[in-house]
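Engineer: My questions will all concern the structure given below.
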Amino acid sequence: MADRMKAPQLMVVPDSALPVYPLTRDERLDGNSFVKWQTHRWLSSRTYKLCSWEVQGMARALFDLSQHESPVGTLPDDEEELAVMLRCDVRRMRELRAMALGPLRNWVPCLCGNERRLMHPVVLEQVRDALERRAMADLSKDEKAVAIRQQRLRKALEKEGISKDVVADPTLIARMDDWLAGQHKGNRTVAVYRSAILHAANQRWFGPAAH
């Protein structure tokens, strides 16, 4: 059993041959983002089925700790730092790292800029999922804000005598909204909307049914 738990002789991989970690240090997980813990995936993994409770706890701790590292989802490729993270001495850390079914199973070296660190394919997948979900949530908020702003623009144009058929043109409204966003940062008053109408007329954005 002891032989089974030992990893094959580790080979030193030159930095030039390492994969480059795809996330930068600028990409962080804030307090409103979370990485999913897929219970069914964990329970069917070899780590859960074959590792000791101690190793399982350490593996989960590394999963969580990596979310607060830089770049997010990585670990230091340093036994002293890893020992501090797992609350053990360096000698024990070396033993854990040498185990085929240890807490660092499937963590592999990678390059983050000029720094050599560790990455895990499943952790990277889950971190990317969290970043994508956050981006989608932010995009939804932006789209909602744009929709509200453009609806107000349509109503303002109708009040100024622009026909409903014209204000129903999404290209026209998008152009005018973009122009207003670049020219007027504050509240959009009647005078501001009238300036947008004048600009649109000068640019010939209106069709023949504008009035």
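The values are calculated or read from the model by the stated rules, or taken from the named source; none is laboratory data. Note that the structure is predicted; figures quoted are calculated from it, not measured. Backbone-built Cβ (ideal geometry, glycine too); neighbour counts: all protein chains shown.
Engineer: Just to be sure, is R128 surrounded by fewer than 18 Cβ atoms within 10 Å (Cβ to Cβ), free of Cβ contacts under 8 Å to residues at least 40 places away in the same chain and not β-branched (V, I, T)?
Structural biologist: no
Engineer: Here is a further query. Name the single residue that is surrounded by the fewest Cβ atoms within 10 Å (Cβ to Cβ) among those in the range 159-181 being among the β-branched types (V, I, T) and in a helix (DSSP H, G or I).
Structural biologist: Our first condition is that a residue be among the β-branched types (V, I, T); within the range 159-181, this holds for 162, 166-167, 171, 173.
After this cut, where a residue has to be in a helix (DSSP H, G or I) as well, the list is 166-167, 171, 173.
Details: V166: 20, V167: 20, T171: 8, I173: 20.
Looking at residues that are among the β-branched types (V, I, T) and in a helix (DSSP H, G or I), I get T171.
Engineer: Give me a count of the residues in the range 43-90 that are among the small types (G, A, S) and in contact with a helix residue (DSSP H, G or I) (Cβ under 8 Å, 6 or more places away or on another chain).
Structural biologist: Residues of the range 43-90 that are among the small types (G, A, S), as a first pass: 44-45, 52, 57, 59, 61, 66, 70, 73, 83.
Subsequent filtering for residues that are in contact with a helix residue (DSSP H, G or I) (Cβ under 8 Å, 6 or more places away or on another chain) retains 59, 61, 66, 73, 83.
Going through the range 43-90 one residue at a time, the tally reaches 5.
Engineer: Scan the range 17-51 for residues that are without any contact (Cβ under 8 Å) to a residue 12 or more places away in the chain and hydroxyl-bearing (S, T, Y) and jot them down.
Structural biologist: T39, S44, S45, Y48
Engineer: Just give me the residues in the range 108-124 being more than 13 Å from P76 (Cβ to Cβ) and in contact (Cβ under 8 Å) with a residue 12 or more places away in the chain, in sequence order. So that I can check it myself, show each step before the final result.
Structural biologist: In the first step, residues of the range 108-124 are kept if they are more than 13 Å from P76 (Cβ to Cβ); the result is 108, 111, 113-114, 120-124.
Of everything in the range 108-124, those that are more than 13 Å from P76 (Cβ to Cβ) and in contact (Cβ under 8 Å) with a residue 12 or more places away in the chain turn out to be V108, L111, G113, H120, P121, V122, V123, L124.
Engineer: Looking only at the range 20-69, count every residue that is in contact with a strand residue (DSSP E or B) (Cβ under 7 Å, 6 or more places away or on another chain) and more than 17 Å from V84 (Cβ to Cβ) and tell me the total.
Structural biologist: 2
Engineer: Moving on. Consider Q151 carefully, then state whether it is over 30 Å from L29 (Cα atoms), under 32 Å from the mean Cα position of the chain (by Cα) and surrounded by fewer than 15 Cβ atoms within 10 Å (Cβ to Cβ).
Structural biologist: Details: over 30 Å from L29 (Cα atoms): yes; under 32 Å from the mean Cα position of the chain (by Cα): yes; surrounded by fewer than 15 Cβ atoms within 10 Å (Cβ to Cβ): yes.
Yes, satisfied.
Engineer: While we're on this one: Taking the options L111, L101, name whichever one is touching a strand residue (DSSP E or B) at 6+ places or on another chain (Cβ under 7 Å), surrounded by 14 or more Cβ atoms within 10 Å (Cβ to Cβ), in the same structural domain as K36 (by TED's automatic domain parsing) and of a type in the set (A, V, I, L, M).
Structural biologist: After ruling out the rest, the residue left standing is L111.
Engineer: I need the full set of residues from the range 72-126 which are small (G, A, S) and within 15 Å of V20 (Cα to Cα), in order please.
Structural biologist: G73, G113
Engineer: Moving on to the next point. Which condition does A156 not pass, out of (1) of a type in the set (G, A, S); (2) within 30 Å of F63 (Cα to Cα); (3) crowded, with 17+ Cβ neighbours inside 10 Å, if it passes all the others?
Structural biologist: Just one mismatch for A156, condition (2).
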